[in-house]
Amino acid sequence: MTGTTYTHAPGFVAGDRPQIVTARFQYEDSYTLERALATDGYAGLRAALSRSATEVHDEVKAATVLGRGGAGFPAGTKWGLTPAGVWPRYLVVNGDESEPGTYKDRLLMERDPHQLIEGCLIACYAAGLSQCFLYIRGEMALAQERVAAALNEAYAAGYVGRNILGSDFSLDIVLHWGAGAYVVGEETALIESLEGNRGMPRLKPPFFPAAIGLYGKPTIVNNVETMANLPWLMRNGSAAYTAIGSATSPGTRMVAVSGHVKRPGVYEIINGTTTFRDLLYGEEFCGGIRDNNELKAFVPGGGSAPWFLPDQLDLPFEGRLIGAAGSMAGSGAVMVMDDTTDIPNAALTLTRFYAHESCGKCTPCREGGTWLMRILDRVVAGQGTHRDLDQLLEVGATICPGDFPHASSERLGLAAVPFPYKMTTICFVGPSAYTPVHSALTLFRDEFEAKLVKRTFIPVTAVSVSETEAAL
Amino acid sequence: MSRLTEDNVRVAHEIISRYPRPRSATIPLLHLAQQQDGYVTNDAIRHIGELVGATSAEVLGTATFYEMFKFEPVGKYLVNICRTMSCALMGGEELMHHAEHRLGIKAGSTTPDGMFTLEHAECQAACTEAPTLQVNYRYRFRVTPETFDALIDDLAAGRLDSEIPAHGTVARIRQHIPAERGVGAVPPEDATNAPSWMTVAEAPK
Ligand SMILES: Cc1cc2nc3c(=O)[nH]c(=O)nc-3n(C[C@H](O)[C@H](O)[C@H](O)COP(=O)(O)O)c2cc1C
Ligand code: SF4
């Protein structure tokens, strides 16, 4: 079984596995209300509305739906963190997907906007959120069109708006869209941007969105995929949900595998139990490294995640285990490098990304990221010196003092340093500029050294004047 | 240099009405201005400030943070070629070299006929389909030199006009909330009661 692909869902590969969020992808017209209604659409909403808000909230808590945006915090718990008695409360759905390697939320928005809308309705009902803003990345024209069209259909049919399905539940869902800035994906920056400002992160504390969010009011920020899980959960119940996946990471999870594999693709995998070896080599997944090359390294959870080696292939895709092994599951994005990869150059493509996307609020990120990029650029261009390699680590230590997480390596005799790190910046963009540098330098230092300028210094005292003249 | 047209002012008011505070509409209105003129003009910035209750400096401050807003004319087609890791691993840099040769310009510039602007882009959320590019934010996947050339030919000949609008237009479908169905946005100060469906009173924590 090598998986099924659809021309209408580029990148997505279906397999013989449970489908919680991608079941509708098989239909070419999966984004229409008609198709949604023919395939259980809004049945989860009906199930939710037949119960009290508290019961729905408890069901989500019992299912332990982990956030799919990066941090993996349980959604039900997050909804309970708003201060009691403070209203209004808002939902902001994070569809800003731009973490390097990540490709799943765009598919979920383009292919099944009604599932997303239904998820938002369920969340707002359960947590008492009185308005929902669906923030879609600015560059995603098709996703914006599909969600706009779906919202228009859903309003007209009475699924969104006043007195939904004749109940006393009323909710507006507003489509909002960005204009190109990675850092806006950070939840407090997302809120700043939604208030019409430059999308710069706010300092936590005090600006935890659940307490002080949009317009200073309690705000829940959740990822698109997190919301997309809720309709299935409401239809099937938390016991069915937790029956899939592992105890600590239930359900399924969307994972994009890109880079040097035979069949790069987006897979809905069983959460917590599928290993990286399954993903990279399994016949129903990527089917091995391209051209049957050797695997050199891979990024397990988006550009911000420290790199893994073939040593880590047997780890399951499970947040805690990946954390203990020195990286993070992050946004479900695996980027694979085969043995032809120029490692310093690969690291540069990520460091340049984060340096470029720094919002400039914190000095270690604004200056440090740029320094890292420039020094690395010099090294990749063959003009670096040993001093440059030390300097990369020194600059990194000003962004993240102390031990930095990395994978274990049998070849290098290295033990893993677990996630997370200490940081001197407000958000993770600064540390993320350093992550690829640190991983690459720790695991592949010889490749950097091979690129350094080779100057042979002849001690002055040992050279006679005539020799020097002869040389000229 | 133009302010928003009458029609667009109507659209602007509809957008503004969806938010509890008008300033939240700043970015959507900047897109609207860019859709009208192809880039964001000074007059549009002033006009948006008037509409959302912000100074021109505040609107400009917001606008300049975001990469999609342009403050001088760009080509009819903005070609963004991704250079982040997954695309770089699959030949994104080589694709950019090819594009520069084909269009005869360096990344960051516009062809003399005003048709094409070429730019480096960061991760486009299509990493499994690398190398990728976007033309006015419409995707092309697994691009080769040959498919790139065919794309440029098609664009130049107007064969893709129905799929790819001129620069400035992102989504061609807008959300519209029918008056009789919408709940309506309320300033946060005026919505301090629990929503109607939250029947169980919350015990203070
Ligand atoms: C720099 C940065 C960028 C982020 N980008 C995204 C993003 O594009 N999409 C997303 O859902 N979460 C992103 N996050 C995580 C969000 O801050 C937030 O944790 C998440 O949206 C919460 O949703 P969840 O609990 O459902 O995962 C980003 C975080 C950081 C620090
Ligand atoms: S770490 Fe970088 S991107 Fe994040 S707030 Fe600080 S300067 Fe901005």
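The values are calculated or read from the model by the stated rules, or taken from the named source; none is laboratory data. Here the structure is a predicted model, which means the values were calculated and not measured. A quick note on method: Cβ atoms are made from the backbone with ideal geometry, for glycine too, and the neighbour counts reach across all protein chains shown. For the accessible areas, the whole protein counts, side chains as well, though only heavy atoms, and no ligand, DNA or RNA atoms are used. Shrake-Rupley method; radii C 1.70, N 1.55, O 1.52, S 1.80 Å.
How tilted is helix A:113-127 with respect to the longest principal axis of chain A? Cα atoms for both, answer in degrees (0 to 90, nearest 10).
80 degrees
Could you give the Stokes-Einstein D for region B:130-171 in µm² per second, using the C-alpha Kirkwood radius, 10 °C, 1.306 mPa s? List each step's numbers first, then the result.
Values: Rh = 10.8 Å.
Answer from the Stokes-Einstein relation: 147 µm²/s.
Restricting attention to the alpha-carbon atoms of the protein assembly as shown, what are Rg (one decimal) and Dmax (integer), both in Å?
Radius of gyration, then largest Cα-Cα span, for the protein assembly as shown: 25.4, 100 Å.
Which aspartates and glutamates have a Cα less than 17 Å from the Cα of residue A:61, not counting those fewer than 8 places away in the same chain?
The qualifying aspartates and glutamates are A:225.
For the pairs A:78/A:422; A:78/A:104; A:204/B:70; A:78/B:70, note any where the Cα-Cα span goes beyond 28 Å.
The pairs that break the limit, which is 28 Å between Cα atoms, are A:204/B:70; A:78/B:70.
Along region A:430-441, what does the Karplus equation 6.51 cos²θ - 1.76 cosθ + 1.60 (θ = phi - 60°) give for ³J(HN,Hα), rounded to whole Hz, x for Gly and Pro?
With coefficients 6.51, -1.76 and 1.60, one gets x, x, 5, 5, 7, 3, x, 5, 5, 4, 5, 6 Hz.
How long are the three semi-axes of the equivalent ellipsoid of region B:77-156, in whole Å, if each is the root of 5 times an eigenvalue of the C-alpha gyration tensor, listed from largest down?
Values: eigenvalues 71, 29, 26 Å².
Working from the Cα gyration tensor, I get semi-axes of 19, 12, 11 Å.
Could you work out Rg/(2.2 N^0.38 Å) for region A:1-91, with Rg from alpha carbons only?
Numbers: Rg = 17.1 Å, N = 91, 2.2 N^0.38 = 12.2 Å.
In units of the globular-protein estimate, region A:1-91 measures up at 1.40.
Per-residue Cβ counts within 10 Å, from other chains only, averaged over A:144-155: what number is that?
Per residue, the number of nearby Cβ atoms from other chains is 4 on average.
Hey, what's the protein assembly as shown come to in accessible area per residue, 1.4 Å probe, Å²? Working shown, then result.
On the way: 24830 Å² over 677 residues.
Heavy-atom SASA per residue in the protein assembly as shown reads 37 Å².
For each pair in A:217/A:361; A:361/B:76; A:454/B:106, compute the distance between the two Cα atoms and list the pairs where it is over 26 Å.
A:361/B:76; A:454/B:106
Shape of region A:306-460 from its Cα gyration tensor (a ≥ b ≥ c, root eigenvalues): rounded if a/c is under 1.5, otherwise prolate when a/b > b/c, or oblate?
Because a/c hits 1.5 or more and a/b fails to exceed b/c, region A:306-460 counts as oblate.
Give me the percent of accessible area attributable to carbon and sulfur for region A:245-340, probe 1.4 angstrom.
So the carbon and sulfur contribution to the accessible surface is 50 percent.
Inside 10 Å of the C-beta atoms of A:325-336, what's the mean count of C-beta atoms belonging to other chains?
Details: counts 0, 0, 0, 0, 0, 0, 0, 0, 6, 2, 6, 2.
Going residue by residue through A:325-336 and averaging, the value is 1.
Mean projection of the alpha-carbon convex hull of region A:245-340 over all orientations, in nm²?
The Cα convex hull of region A:245-340, projected and averaged over all directions, gives 5.2 nm².
If you take each beta carbon of peptide A:376-386 and count the beta carbons of other chains within 10 angstrom, what is the mean?
Other-chain Cβ atoms within 10 Å of each residue's Cβ, averaged: 0.
Taking the highest mean first, how do the peptides A:411-422, A:219-230, B:24-35 order by number of other beta carbon atoms within 10 angstrom per residue? Before the final figure, lay out each step's value.
Working: A:411-422: 14.1, A:219-230: 27.0, B:24-35: 24.9.
Result, highest mean first: A:219-230, B:24-35, A:411-422.
With each pseudo-label sitting 7 Å past Cα toward Cβ, what's the residue B:10-residue A:167 distance in nm, one decimal?
Each label point lies 7 Å from its Cα, and together they span 3.6 nm.
Report, to the nearest 10°, how far helix A:141-156 tilts away from the longest principal axis of the Cα atoms in chain A, using its own Cα long axis and a range of 0 to 90°.
In chain A, helix A:141-156 runs at an angle near 10 degrees to the longest axis.
Got the relative contact order for chain B handy, in percent, Cα pairs under 8 Å and 6 or more residues apart? Display every interim value, and only then the final one.
Details: 277 pairs, mean separation 41.9, N = 205.
With pairs under 8 Å counted, the relative contact order is 20 percent.
What is the helix-to-structure angle for A:343-357, meaning the angle in degrees between its Cα long axis and the longest Cα principal axis of chain A, kept from 0 to 90 and rounded to the nearest 10?
That works out to roughly 50 degrees.
Ignoring everything except DSSP H segments at least 4 long, calculate the 222 nm mean residue ellipticity for the protein assembly as shown; use -39,500 (n - 2.57) per segment, divide by total residues, nearest 500.
Numbers: 25 runs with 251 residues, N = 677.
Rounded to the nearest 500, it is -11000 deg cm²/dmol.
Using unit Cβ charges (K, R positive; D, E negative) and no other charged atoms, how large, in debye to the nearest 20, is the dipole of chain A about its Cα centre?
Charge dipole, chain A, about its Cα centre: 880 debye, nearest 20.
Viscosity 1.567 mPa s, temperature 4 °C: give me the Stokes-Einstein translational D for region B:6-71 in µm²/s, with Rh taken as the Kirkwood radius over C-alpha pairs.
In µm²/s, the coefficient rounds to 113.
Suppose a student asked you for the relative contact order of chain A, using Cα pairs under 8 Å spaced at least 6 residues apart; what percent would you report?
Dividing the mean separation by the residue count of chain A yields 15 percent.
Which whole-number value in Å³ per residue fits the convex hull of the alpha carbons of region A:151-195?
That works out to 93 Å³ per residue.
Please provide three numbers in whole Å: the alpha-carbon extents of chain B along the principal axes, with the largest listed first.
Per principal axis, max minus min of the Cα coordinates gives 64, 44, 31 Å.
Counting only protein heavy atoms and rolling a 1.4 Å probe, how much accessible area do B and A lose on contact, total for both sides, in Å² to 100?
6600 Å²
What is the diffusion coefficient of region A:115-230 in µm²/s, taking the Kirkwood radius over Cα pairs and the Stokes-Einstein relation at 25 °C with a viscosity of 0.890 mPa s?
166 µm²/s
Percent of Cα-Cα pairs more than 29 Å apart in region A:23-242, please.
18 percent
What three numbers, in Å, describe the spread of the alpha carbons of region A:52-110 along their principal axes, ordered from the longest?
39, 25, 22
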